[in-house]
Structure formats: structure tokens, C-alpha cells
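Before any comments, here is the structure.
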Amino acid sequence: MIKGIGVIAAGLVLLPISAFADAAGNLAALLDGVDSIDTRFEQVILDRDGSRMQTATGHMLVKRPRQFRWHAEEPFEQLVVSDGDRVWVHDVDLEQVLERPLGEEVGETPALLLSGDSSKIAEEFEITEVAKQGRNITYQLKPKNKEQLFDVLEISFKGAQPSAMRLEDSLGQKTVFEFIKPKINIAIDATSFEFAIPEGVDVIRHE
């Protein structure tokens with residue numbers, strides 16, 4: 001196992017700098033072609049051994065710049081909404097809303113990978129192409145800042161459409177998001193990214 005890791009590491013050392021630059025540019029070009037997304041999703045959380053811990057389903061809307069609506073419906077309802085400036089996280093069962101400014105870094109809010117400034121992604125991540133089959137391609141992003149919420153983020157495309165995202169944290173836990181029949185570059189009403197705090201919930205605000 002150690003020998004195998006050494007071979008992989010050596011291979012990365014031998015890759016020309018242009019390979020990383022090309023991957024970053026190609027990923028930015030794909031992301032620039034996506035102005036909006038409307039999709040169902042399935043979210044699966046796996047432990048470090050690959051055993052399934054939790055599955056959730058829901059609906060996601062994304063629109064540039066920096067607007068998104070993530071509604072996990074089952075088994076625990078949660079709504080995450082950003083209007084581009086602030087983000088609200090509503091845990092329905094807990095009757096609690098967290099409100100805070102939306103940061104600039106993808107590492108802080110992975111949804112910004114799909115809705116933020118793609119030209120800045122290379123500033124935050126080392127980007128490599130890790131899989132390609134026909135028009136299907138996967139990019140791996142490793143944060144340059146080791147204090148981020150995750151160690152590895154991968155995004156896959158089927159042609160021009162984002163099809164999946166995968167995150168892995170320092171403990172080896174993986175979260176996989178599969179996008180189901182995504183529709184890109186369609187009109188999405190601006191009111192989808194507005195959030196009204198429900199009556200009777202606890203509100204936690206961070207500035």
C-alpha cells in the first residue's frame with residue numbers, strides 16, 4: 001500500500017505544470033458555461049470504510065452570481081438559501097435558523113463552486129483531471145488552505161452538465177451528491193433565492 005502511494009506521488013511530481021493549468025482552465029470554462037441549474041439530487045454520506053451512513057433526497061436551484069437554494073426533503077428537512085450576500089440554514093425539525101454573511105471561499109461554502117467566480121477557483125485549489133471517459137470528466141480539487149471543511153472535492157460533468165459532487169473530510173467521511181436529470185441555463189425566478197424567517201423559530205445570527 002505504501003509503495004503504491006509512492007508511485008502515485010511520483011507520478012504527480014512528474015506531471016508538467018501545464019497539466020494543472022490546463023485542468024484549472026478547462027474546469028473554469030465548463031463552470032462558466034453554467035449560468036443556472038435546476039435539479040433533483042440524492043445525497044449519500046459514507047464512513048471511511050465506505051459503509052452508507054445516511055441518504056437524503058431533495059431539490060437544488062443555482063444561479064449566478066452566488067445564489068442557491070438547497071432543499072433536503074428526506075429524511076430530515078433542511079433548507080439552505082443564499083441571495084448572493086447572506087445565507088440562511090433552516091433546520092425544520094429543530095425549528096432553528098442560522099443566518100450569516102456568505103463568504104467568498106468555495107472551501108467555506110461548496111455551493112459557490114457552481115455559483116461563484118470560477119476564475120478564482122485556482123487561487124484556492126490545486127486542480128487535476130482524475131477521470132475521463134468520452135464526454136464524461138471528473139476534476140479533483142484539493143484546498144491550498146488546510147483549514148478548510150474538506151480535504152478533497154470532486155466535481156463530475158456529463159458533457160456540459162454537472163452530474164455529481166463528492167467531498168471527503170480529514171476523517172475519511174465522504175459525502176456524494178448525484179444530480180438527477182439536471183436542467184442548465186434555464187430561467188429561475190429571483191424569488192427562489194429569498195428567505196423569510198418563519199415565526200416561532202430560534203434565530204442565530206453571525207456577522
In degrees from 0 to 90, rounded to the nearest 10, what is the angle of the helix 17-32 Cα long axis to the longest principal axis of the chain? 30 degrees
Using a 10 angstrom Cβ neighbour count of at most 14 plus a DSSP loop assignment to flag exposed trypsin sites (Lys or Arg not before Pro), which longest range of the chain is free of such sites? 49-134
Using the Cα gyration tensor of the stretch 122-161, with a ≥ b ≥ c the square roots of its eigenvalues, what is the shape: rounded (a/c below 1.5), prolate (a/b larger than b/c) or oblate (neither)? prolate
So how many Lys-Lys pairs in the chain land under 13 Å Cα to Cα, not counting same-chain pairs under 8 apart? 5
Cleavage-rule hits (chymotrypsin sites (Phe, Trp or Tyr not before Pro)) in the stretch 60-90: DSSP loop, at most 15 neighbouring Cβ within 10 angstrom: F76
For the stretch 20-205, take the convex hull of the Cα atoms, compute a quarter of its surface area, and give me that in nm², please. 10.7 nm²
Considering only DSSP beta bridges with both partners in the chain, what is the antiparallel share in %, to the nearest 5? 95 percent
For the chain, what is the calculated [θ] at 222 nm in deg cm²/dmol (nearest 500), taking -39500 (n - 2.57) for each run of four or more DSSP H residues and dividing by its residue count? -5000 deg cm²/dmol
By the Cα gyration tensor axes a ≥ b ≥ c (a/c under 1.5 gives rounded; else a/b larger than b/c gives prolate, otherwise oblate), the shape of the stretch 68-126 is prolate
Using the Cβ atoms and a cut-off under 9 Å, what net charge is assigned to the surroundings of L141, where Lys and Arg are +1 and Asp and Glu are -1? -2
Could you tell me the relative contact order of the chain? Use alpha-carbon pairs under 8 Å, at least six residues apart, and round to a whole percent. 23 percent
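Every number in this text was worked out from the coordinates using simple rules, so none of it is lab data. Bear in mind the structure is a predicted one, so any value in this text is a computation, not a measurement. Here the Cβ is made from the backbone with ideal geometry for all residues, glycine too, and neighbour counts use every protein chain on show.
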